[in-house]
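First comes the structure, then the notes that go with it.
The values are calculated or read from the model by the stated rules, or taken from the named source; none is laboratory data. Because the structure is predicted, anything quoted here is derived from the model rather than measured. Note: ideal-geometry Cβ built from the backbone for every residue, glycine included; neighbour counts use all protein chains shown.
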Amino acid sequence: MIPLRKDKIQAQYPKGIIGVYAVFFRDFPDVAYFGSSKDVRARLLYHANALLKGKHKNYKLHKLYGRYHASCWCTLMKICETEEEAREHEQLLIDFDPRASLNVDKTVYNYKRK
């Protein structure tokens with residue numbers, strides 16, 4: 001678990017890790033956002049930048065970050081072999097983990113084909 005900050009993400013995660021990650025707020029341990037990516041580092045950097053600039057598309061994350069940014073952390077949940085495996089695991093988390101209340105989209109997409 002590390003703070004959702006550019007310097008911490010770059011130090012913790014090498015480029016090219018395929019996997020599933022969580023973004024959460026330490027002040028609210030019962031809620032999280034789950035995501036997957038073919039490059040977890042790049043995706044977490046996107047979240048950090050978009051939230052910092054106030055331009056994140058997820059209104060739930062955006063609202064919480066606006067008030068509790070110091071409490072915003074991230075963690076790698078699972079390293080996967082393929083993008084498909086990562087998306088399947090993300091979908092399982094969204095479907096069955098009660099903390100997934102920050103996920104606005106409840107269906108995982110292959111964004112290249114969306």
Scope region 25-84; condition out of contact with any Phe, Trp or Tyr (no Cβ under 7 Å at 6 or more places or on another chain), farther than 24 Å from Thr107 by Cβ and charged (D, E, K, R); matching residues:
Lys53, Arg67
Given the residues Lys63, Lys15, Lys38, Lys57, which is the only one that is more than 27 Å from Thr82 (Cα to Cα) and surrounded by fewer than 19 Cβ atoms within 10 Å (Cβ to Cβ)?
Lys63
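Can you name the residue in region 95-111 that is in contact (Cβ under 8 Å) with a residue 60 or more places away in the chain, in contact with a helix residue (DSSP H, G or I) (Cβ under 9 Å, 6 or more places away or on another chain) and in a loop (DSSP other than H, G, I, E, B) and is also farthest from Ser36 (Cα to Cα) among such residues? Please lay out each step first, then the result.
Step one: filter region 95-111 for residues in contact (Cβ under 8 Å) with a residue 60 or more places away in the chain, giving 97-103, 108.
If we keep only those that are in contact with a helix residue (DSSP H, G or I) (Cβ under 9 Å, 6 or more places away or on another chain) too, we end up with 99-103, 108.
Among the residues that remain, those that are also in a loop (DSSP other than H, G, I, E, B) are: 99, 103, 108.
On the way: Arg99: 16, Asn103: 12, Val108: 9 Å.
So, considering only residues that are in contact (Cβ under 8 Å) with a residue 60 or more places away in the chain, in contact with a helix residue (DSSP H, G or I) (Cβ under 9 Å, 6 or more places away or on another chain) and in a loop (DSSP other than H, G, I, E, B), the one farthest from Ser36 (Cα to Cα) is Arg99.
Would you point out which residue out of His56, His47, His62 is assigned to a loop (DSSP other than H, G, I, E, B) and under 20 Å from Ile2 (Cα atoms)? Please lay out each step first, then the result.
Details: His47 fails: assigned to a loop (DSSP other than H, G, I, E, B); His62 fails: assigned to a loop (DSSP other than H, G, I, E, B).
None of the other options fit; the residue is His56.
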Just to be sure, is Thr82 over 13 Å from the mean Cα position of the chain (by Cα), modelled with pLDDT of 95 or more and either under 14 Å from Pro29 (Cα atoms) or among the β-branched types (Val, Ile, Thr) (or both)?
yes
Which one of these is out of contact with any Gly (no Cβ under 6 Å at 6 or more places or on another chain), touching a residue at least 60 places away in the same chain (Cβ under 8 Å) and not aliphatic (A, V, I, L, M): Phe34, Phe28?
Phe34
